[in-house]
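Asks: Would you mind keeping the following structure in view while I ask a few things?
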Amino acid sequence: MQRPPTITALVCAAAFVLTACAGEDKDTQAPNTPKGVTAQAGSATSVHVMWEKAPDGEDVTSYEVFQKGTKVKTLPAAKYMVDINQLTPKTAYSFTVRARDAAGNLSKPSPAIAVTTPEPTPEDKQPPTRPTQLKGELDGKAAVRLAWQPATDNTKVTSYDVYQEDSRIHSVSGTETKALVTGLRPGTVYSFTVRARDAGENSSPDSNAVDLTTPGASGKGPSTAPTDLTATVRKGQVVLTWTPPQGNGPIESHELHLNGELATTIVWGAMPEGKTATYTMDVTDPPGTRYSLKLRAKLPDGKWGDFSAQRTVVVR
């Protein structure tokens with residue numbers, strides 16, 4: 001008569017099955033290698049490194065930047081650029097980028113990109129002039145192409161920085177006057193400006209702003225953002241004008257956000273459709289103070305609509 005298996009044997013068998021299953025489920029597939037890596041010297045002591053999202057990178061949790069095999073930065077998966085600071089002037093560097101997934105697998109390094117920091121100009125306190133005639137156009141559903149007229153500087157423009165609202169999102173060489181910005185969200189209003197920068201880390205004033213709205217996602221209606229927002233600085237005041245969004249009923253109020261926070265709610269009687277709205281904001285901050293302003297309307301159904309493009313002004 002055959003004996004039944006002992007408890008010990010059953011436990012061992014179960015452990016073996018669990019171990020085998022765990023081994024079969026373990027992720028050992030490395031992410032794809034990031035592409036489009038660029039490195040641009042932003043000053044005598046900094047380099048701006050950028051790359052594109054790793055192909056099929058939904059499982060990527062972070063990106064790691066290496067300088068000649070030594071890791072110098074780790075970025076979350078949503079970031080595709082970083083400034084490497086505290087470098088040595090007039091020195092050659094080489095950078096690569098690798099993607100890491102949730103299981104800890106690292107992609108192969110991207111091709112090495114060489115860059116040399118320029119000579120220092122510590123005595124340079126003069127910023128470049130403002131880039132002018134910024135223009136933009138959509139490139140597909142999630143990218144825009146920007147172009148501008150070059151700035152001038154008493155030494156040399158080393159880079160142009162592209163800002164979306166108050167965040168720098170892209171940089172190109174000081175010899176370039178075009179940029180492709182990717183990774184944008186559908187149905188979103190974007191406001192771009194460009195600043196020139198020299199080797200002394202002096203930045204120019206903002207260029208003119210360009211507003212672009214990406215196509216909406218499938219099933220989403222038209223944008224509910226106010227349009228044509230302008231901000232004019234006067235002594236002790238900022239005057240705002242804009243066109244309220246179209247809705248199935250009157251637009252009676254807007255929220256004004258200042259530097260990312262709610263400043264006030266503008267309420268009036270129903271605005272006729274297609275008419276321009278105006279609001280004057282009194283300011284008491286000292287000259288040179290920067291204000292970033294944007295609006296959103298309360299729609300006829302009681303919900304708040306999309307934000308307008310942002311405008312940045314400097315108090316006189």
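Throughout, read-outs are computed from the coordinates displayed, never taken from laboratory work. The shown structure was predicted, so the numbers you read here are calculated from the model rather than taken from an experiment. Cβ atoms come from the backbone with ideal geometry, glycine included; neighbour counts cover every protein chain shown.
Asks: Just the Cα atoms of region 204-256: what Rg and Dmax do they give in Å?
Replies: 14.8, 46
Asks: Shifting gears a bit: Between helix 7-25 and the chain, what is the angle of the helix's C-alpha long axis to the longest principal axis, kept within 0 to 90° and rounded to the nearest 10?
Replies: 40 degrees
Asks: Right, next: Could you give log10 I(q)/I(0) at q = 0.14 Å⁻¹ for the chain, computed by the Debye formula over C-alpha point scatterers of equal weight, without solvent?
Replies: -1.15
Asks: For a bin width of 5 Å, list the pair-distance distribution of region 38-116 built from all Cα-Cα distances, rounded to whole %.
Replies: Percent of Cα pairs in each bin: 3, 16, 29, 24, 15, 8, 4, 1.
Asks: Over the chain, calculate the relative contact order: mean separation of alpha carbon pairs under 8 Å at least 6 apart, over the residue count, as a percent.
Replies: Working: 766 pairs, mean separation 39.4, N = 316.
Result for the chain is 12 percent.
Asks: Limiting things to C-alpha atoms, what are the Rg and the maximum Cα-Cα separation (Dmax) for region 106-196, in angstroms?
Replies: When restricted to Cα atoms, region 106-196 yields Rg and Dmax of 15.6, 46 Å.
Asks: Assuming a viscosity of 1.002 mPa s and a temperature of 20 °C, what translational diffusion coefficient in µm² per second does Stokes-Einstein assign to region 227-314, Rh being the Kirkwood radius over Cα pairs?
Replies: This corresponds to a translational diffusion coefficient of 160 µm²/s.
Asks: Quick one: net charge of Thr241's neighbours, Cβ under 14 Å, K/R +1, D/E -1? Show your work: numbers first, answer last.
Replies: On the way: positive: Arg234, Lys275, Lys294, Arg311; negative: Asp228.
My count for the surroundings of Thr241 gives +3.
Asks: From Cα pairs below 8 angstrom and at least 6 apart in sequence, can you work out the relative contact order of region 79-236, rounded to a whole percent? Each step should come with its number before you reach the end.
Replies: Working: 303 pairs, mean separation 32.7, N = 158.
Relative contact order for region 79-236 comes out at 21 percent.
Asks: Just check region 30-174 against the gyration tensor rule for me: Cα atoms, a ≥ b ≥ c as the square roots of the eigenvalues, rounded for a/c under 1.5, and otherwise prolate or oblate depending on whether a/b exceeds b/c. Don't skip to the answer; put the middle values down first.
Replies: Details: a/c = 2.66, a/b = 1.36, b/c = 1.96.
It comes out oblate by the Cα gyration axes.
Asks: Mind putting a number on the dipole of region 70-137 about its Cα centre? Charges go on the C-beta only, +1 for Lys and Arg and -1 for Asp and Glu, and I need it in Debye to the nearest 20. Display every interim value, and only then the final one.
Replies: Working: 10 positive and 6 negative charges, 55 e Å.
Result for region 70-137 is approximately 260 debye, rounded to the nearest 20.
Asks: Please list 146-156, 303-313, 258-268, 103-113 highest first by mean number of surrounding beta-carbon atoms within 10 Å per residue. Don't skip to the answer; put the middle values down first.
Replies: Values: 146-156: 17.5, 303-313: 19.2, 258-268: 11.5, 103-113: 15.2.
Packing order, densest peptide first, comes out as 303-313, 146-156, 103-113, 258-268.
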